[in-house]
1. Are any residues in region 1-43 part of a helix (DSSP H, G or I) and surrounded by fewer than 16 Cβ atoms within 10 Å (Cβ to Cβ), and if so, which ones?
2. Within region 67-81, track down each residue that is among the charged types (D, E, K, R) and under 21 Å from Gly12 (Cα atoms).
3. Please count how many residues of region 71-105 are surrounded by fewer than 11 Cβ atoms within 10 Å (Cβ to Cβ), of a type outside the set (Ser, Thr, Tyr) and in a loop (DSSP other than H, G, I, E, B).
4. It is to be established whether one or more residues within region 51-68 are in contact with a strand residue (DSSP E or B) (Cβ under 9 Å, 6 or more places away or on another chain) and either at pLDDT 95 or above or part of a helix (DSSP H, G or I) (or both).
5. Among the residues of region 59-105, write down those that are more than 17 Å from the chain's Cα centre (by Cα), among the charged types (D, E, K, R) and under 22 Å from Thr2 (Cα atoms).
6. Residues of region 1-47 being more than 17 Å from Met81 (Cβ to Cβ), among the small types (Gly, Ala, Ser) and touching a strand residue (DSSP E or B) at 6+ places or on another chain (Cβ under 8 Å), which ones?
Amino acid sequence: MTHVLDASAAIGIVLERPQAAFCADILAEADWVIAPDLFVPEVANAFWKYHHFENLPLDVCEEMLELTIALSDDFVESSGMYKEAFALACSTHHPVYDTLYLVLT
């Protein structure tokens, strides 16, 4: 079964947050894991924040970033789904950032 991986969930898995344990279990059962290409800058920015605001060492952030990106088997280009994501965002009053993940399901 294919699962869509959310950036926040992936970061939680790599940081071994207790609330992300169920996400790790679900991910372990997946045959294939996908995410929109937006995933990469989202997680990169998150680890920049950990480095900049929480003083997590740069080398640790770089390692965590690599591990997080490696959780996805494939990244789907946003350019092929932005219209559907935009329509869904407008009809549900949710940001396009979120609906890019939803249209993959």
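The values are calculated or read from the model by the stated rules, or taken from the named source; none is laboratory data. All values reported here derive from a predicted model rather than from experimental measurement. No Cβ is skipped: glycine too gets one built from the backbone with ideal geometry, and neighbour counts run over all protein chains shown.
1. Of region 1-43, the ones part of a helix (DSSP H, G or I) are 7-14, 18-29, 39-43.
The answer is Ser8, Pro18, Gln19, Ala21, Phe22, Asp25, Ile26, Ala28, Glu29, Pro41.
2. Initially, region 67-81 is screened for residues among the charged types (D, E, K, R), giving 73-74, 77.
Matches in region 67-81: Asp73, Asp74.
3. Applying the first criterion (surrounded by fewer than 11 Cβ atoms within 10 Å (Cβ to Cβ)) to region 71-105 yields 74, 77, 79, 83, 91, 93, 95, 105.
Now restrict to residues that are of a type outside the set (Ser, Thr, Tyr): 74, 77, 83, 93, 95.
Of the ones still in play, those that are also in a loop (DSSP other than H, G, I, E, B) are 77, 93, 95.
Number of matching residues: 3.
4. Restricting attention to region 51-68, the residues satisfying the condition of being in contact with a strand residue (DSSP E or B) (Cβ under 9 Å, 6 or more places away or on another chain) are none.
No, region 51-68 contains no residue that is in contact with a strand residue (DSSP E or B) (Cβ under 9 Å, 6 or more places away or on another chain) and either at pLDDT 95 or above or part of a helix (DSSP H, G or I) (or both).
5. Hit for region 59-105 is Glu84, nothing else.
6. Answer for region 1-47, where residues must be more than 17 Å from Met81 (Cβ to Cβ), among the small types (Gly, Ala, Ser) and touching a strand residue (DSSP E or B) at 6+ places or on another chain (Cβ under 8 Å): Ala10, Ala30.
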